[in-house]
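Contents: one structure, followed by commentary.
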Amino acid sequence: MACQLASYFMTSTNQEYTTIIKPVSGWFDFHLAELWRYRDLILLFVRRDFVAVYKQTILGPVWFFIQPIFTTIIFTIIFGRVAKIPTDQLPGPLFYLSGIVAWNYFAACLNKTSDTFVGNAGIFGKVYFPRLVVPIAVVINALIAFGIQLLLLVSLMFYYSFQGMGFTPSRMVLLLPLLILQMAVLGLGCGIVVSSLTTKYRDLIQLVGFGVQLWMYATPIFYPISILSPRWQRLLSLNPMAPIIETFRNALLGAGMIHSTTILVSIAVTLVVFFIGLLLFSRIEKSFMDTV
């Protein structure tokens, strides 16, 4: 019996391990390739988030349409009829909805990923998996809502086309997937920065919604950049979402001011924010359970 136990322990100790879990050591030790091995878990979180939000609602996924429709109606009345702000010679509802659809995707990525550590502390404290799985699942889940709302925008485009109010999409429509990717990366970067900081500074949770709302007013959603003076245009170009919204609108509707310089600045800011977010996220994830 003793020989059998000795043989068993010798065999087990000589086995090679397929997965080694170790703490993050370096500043740039992100382990992004590890996410691919957890792709099934990412899809599981996507399904969980989608079902959890609309499972016990009466209208279900119809809420994807209700929010942009009512927001478009309010913008049309207040900014179109009352304030009479120009819309680059586009129908008001079409102009506003194009900005709302793009902004909603970015805002959803930012708002929902900003609660990654605090909102999932119970799961993180029990089982190991790459913590970036959760915010990436949030971004993919928000992409589903974006796709549904984009169908609403395309339907409105066809309606106005049949009414004789023609518009021509520009060649920038070929870059639409890259614009969506940039919105996702920017929202993810901002969200994980906030999520990392809220493990110690809970006040930031209260400021996220307010800050995103202020950011929206600094983005050309209900007004075109063309009505601003050159000075304000240069100032607005520092907002990385401004060129994205204008390019998105130009790609689908052929309206909007596009400058290669502002686009490059927007891409650079997006990459810097995302890189800073990865740095903070990787450093906080190994010790956040002590502070949450």
Worksheet, complete the sentence: Screening 209, 256 for residues that are touching an Asp or Glu at 6+ places or on another chain (Cβ under 8 Å), closer than 24 Å to residue 101 by Cα and touching a residue at least 12 places away in the same chain (Cβ under 8 Å) leaves only 256
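Conditions (1) of a type in the set (S, T, N, Q); (2) surrounded by 12 or more Cβ atoms within 10 Å (Cβ to Cβ), marked per residue:
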site: 39; (1), (2): no, no
site: 45; (1), (2): no, yes
site: 48; (1), (2): no, yes
site: 65; (1), (2): no, yes
site: 72; (1), (2): yes, yes
site: 77; (1), (2): no, yes
site: 86; (1), (2): no, yes
Item to complete: Count, please, the residues in the range 205-239 that happen to be hydrophobic (A, V, I, L, M, F, W, C) and over 27 Å from residue 188 (Cβ atoms).
Response: 3
Discussion item. I want to confirm something. Restricting to the range 123-150 and keeping residues that are in a helix (DSSP H, G or I) and of a type outside the set (A, V, I, L, M, F, W, C), which single residue is surrounded by the fewest Cβ atoms within 10 Å (Cβ to Cβ)?
Written reply: 147
Discussion item. For a quick check of your reading of the model, give me the residue pairs whose first member lies in the range 33-54 and is in a helix (DSSP H, G or I), whose second is loosely packed, with under 12 Cβ neighbours inside 10 Å and at pLDDT below 80, with beta-carbon atoms closer than 7 Å and at least 6 apart or on different chains.
Written reply: 54/60
Discussion item. Criterion first (touching a residue at least 24 places away in the same chain (Cβ under 8 Å), out of contact with any strand residue (DSSP E or B) (no Cβ under 6 Å at 6 or more places or on another chain) and surrounded by 22 or more Cβ atoms within 10 Å (Cβ to Cβ)) does residue 188 satisfy it?
Written reply: yes
Worksheet item: Out of 232, 215, which single residue is at pLDDT 85 or above, within 18 Å of the chain's Cα centre (by Cα) and in a helix (DSSP H, G or I)?
Response: 215
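The values are calculated or read from the model by the stated rules, or taken from the named source; none is laboratory data. Since the structure is predicted, the reported quantities are computational estimates derived from the model, not experimental observations. No Cβ is skipped: glycine too gets one built from the backbone with ideal geometry, and neighbour counts run over all protein chains shown.
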